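Have a look at the structure below, then the notes.
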Amino acid sequence: MIIKKNISLKPYNTFGLDYKANSLTTIVSEEEAMSFFRSRECHDKPVLIIGEGSNLLFTEDFNGTILRTDIGEINVEEADSENVIISAGAGINWDRFVEWTVEKGYCGLENLSLIPGCVGAAPVQNIGAYGSEIRDTVLRVNTVSTSDGFVRSFSNDECGFGYRNSVFKGAEKGKYLVTRVFFKLKLNPELNLEYGSVKEEVEKLGDSTLRNVRNAVINIRRNKLPDPSMIGNAGSFFRNPVVSRSTAGTLKHDHPGMPYYEDRSGGKKLAAGWLIEQCGWKGRRIGDAGVHDRQALVLVNHGNATGKEIFDLSEQVRESVMKRFGVVLEREVEIVGAI
């Protein structure tokens, strides 16, 4: 267990916001997590669990302990002629894990390439992209209770997965630390090429292989989304709104160019980036807080924006989309601090 005091959070959030925390604790095993949550120090002040800080917007200093995991190791747990069960430590970088599965020829995660964050955050967010979601492959999630340090395993059903959501963001928010995630992947590739421009990009690369699907997704994401190491951002700041079929039909009638997609709920998923762009926000900035010039779904820190300034910009974006389309945008990014 590594403990640092009075630590700058700038290296621990992809917006690059220079707030401070009283302390930052890094744990490297499930046993250390159990010990931490059974200690008096844990319960004496607020604790915030983070991954790689790619889904957080700090608006002030954090008067408590930031807890992050560095639990590694990838294990092959079981395999048969069709499937393989893999477990991965919560602290492993997500894209490096996806790369490992592709290199091994394990199918199921390739469409989720280059998503920022770590393995432990994937089921919390139910990350998704290009027609795939993490709930399609998660078998179970091992956790440690933040209240008493006991271990609990959640099955896929118990995770309560929804669109960019899970019980870990809802009813059980803050109650469990993810330590290890188990995935059931396929040995015989069943490639998902039907979303967006994935198929077209794969064809440019040659055959339809796991490696080419991964490279296609990487190429698309790099062309559309800014690199946090170059400009501060947290990827998609808003969720794509899901509306009823009738509402989508009315909007499509009024705005013929509006794209939408089928959602598992039976409704229609709208493209938040398109809605924001139609309101004139793409490429705009207020001070150092701005909307990305290639993907309006992404808010950026041009250098010296505060968390509050980025939040205020997000409110203006939401208000304009609501005024023009009657659609409520929900933030995907978690706000930490006063607003």
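The values are calculated or read from the model by the stated rules, or taken from the named source; none is laboratory data. Please read all numbers here as calculations on a predicted model, not as lab measurements. Because the Cβ atoms are built from the backbone with ideal geometry, glycine has one as well, and the counts that use them run over all protein chains shown.
Brief remarks follow.
- Residue within segment 55-77 that is charged (D, E, K, R) and without any contact (Cβ under 8 Å) to a residue 24 or more places away in the chain present: yes
- Within segment 213-239, being within 19 Å of ALA121 (Cα to Cα), in contact with a helix residue (DSSP H, G or I) (Cβ under 8 Å, 6 or more places away or on another chain) and at pLDDT below 95 holds for SER236, ARG239.
Yes or no, residue by residue, for (1) in contact (Cβ under 8 Å) with a residue 60 or more places away in the chain; (2) closer than 28 Å to ASN126 by Cβ; (3) not assigned by TED's automatic domain parsing to the domain that holds GLY174:
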residue	(1), (2), (3)
SER246	no, yes, yes
PRO259	no, yes, yes
TRP281	no, yes, yes
ILE286	no, no, yes
VAL291	no, yes, yes
LEU297	yes, yes, yes
PHE325	yes, yes, yes
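- Yes/no for ARG221 being of a type in the set (D, E, K, R), touching a residue at least 24 places away in the same chain (Cβ under 8 Å) and surrounded by fewer than 21 Cβ atoms within 10 Å (Cβ to Cβ): yes
- Test: LEU177 is surrounded by 14 or more Cβ atoms within 10 Å (Cβ to Cβ), in contact (Cβ under 8 Å) with a residue 12 or more places away in the chain and assigned to a strand (DSSP E or B): yes
- Residue match in segment 99-114 (condition: over 24 Å from SER29 (Cα atoms), touching a Gly at 6+ places or on another chain (Cβ under 9 Å) and assigned by TED's automatic domain parsing to the domain that holds VAL217): yes
Residues are listed down the side, and each one gets a yes or a no for (1) within 26 Å of SER229 (Cβ to Cβ); (2) over 21 Å from the mean Cα position of the chain (by Cα):
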{"site": "LYS45", "(1), (2)": "no, yes"}
{"site": "GLY53", "(1), (2)": "yes, no"}
{"site": "PHE62", "(1), (2)": "yes, yes"}
{"site": "THR65", "(1), (2)": "no, yes"}
{"site": "ILE85", "(1), (2)": "no, yes"}
{"site": "TRP94", "(1), (2)": "yes, no"}
{"site": "ALA121", "(1), (2)": "yes, no"}
{"site": "ILE134", "(1), (2)": "yes, no"}
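- Cross-chain or 6+ apart pairs with Cβ under 7 Å, segment 181-201 first and closer than 15 Å to ARG211 by Cβ, then among the charged types (D, E, K, R): LEU193/LYS199
- Residue that is in contact with a strand residue (DSSP E or B) (Cβ under 9 Å, 6 or more places away or on another chain) and within 28 Å of ILE66 (Cα to Cα), where the choices are GLY267, GLY283, GLY307: GLY307
- Tally of residues being of a type in the set (Ser, Thr, Tyr) and in contact with a helix residue (DSSP H, G or I) (Cβ under 6 Å, 6 or more places away or on another chain) across segment 253-284: 1
- Restricting attention to segment 53-65, the residues that are of a type outside the set (Ser, Thr, Tyr) and in contact with a Ser or Thr (Cβ under 7 Å, 6 or more places away or on another chain) add up to 1.
Rundown of residues vs (1) among the charged types (D, E, K, R); (2) in contact with a helix residue (DSSP H, G or I) (Cβ under 9 Å, 6 or more places away or on another chain); (3) surrounded by 24 or more Cβ atoms within 10 Å (Cβ to Cβ), yes/no style:
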position	(1), (2), (3)
ALA129	no, yes, no
SER132	no, yes, no
VAL141	no, yes, yes
THR146	no, yes, no
SER155	no, no, no
LYS186	yes, no, no
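- Condition check for SER87: out of contact with any Pro (no Cβ under 8 Å at 6 or more places or on another chain), hydroxyl-bearing (Ser, Thr, Tyr) and assigned to a loop (DSSP other than H, G, I, E, B): no
- Selection within segment 71-86 - closer than 14 Å to PHE97 by Cα and among the charged types (D, E, K, R): GLU73
- As a summary of the residue check, GLY283 satisfies the conditions (1) out of contact with any Asp or Glu (no Cβ under 8 Å at 6 or more places or on another chain); (2) at pLDDT 95 or above except for the one numbered (1).
- All positions within segment 4-54 that are over 15 Å from ASP70 (Cβ atoms), in contact (Cβ under 8 Å) with a residue 40 or more places away in the chain, assigned to a loop (DSSP other than H, G, I, E, B) and touching a helix residue (DSSP H, G or I) at 6+ places or on another chain (Cβ under 8 Å): PHE15, GLY16, LEU17, TYR19, SER54
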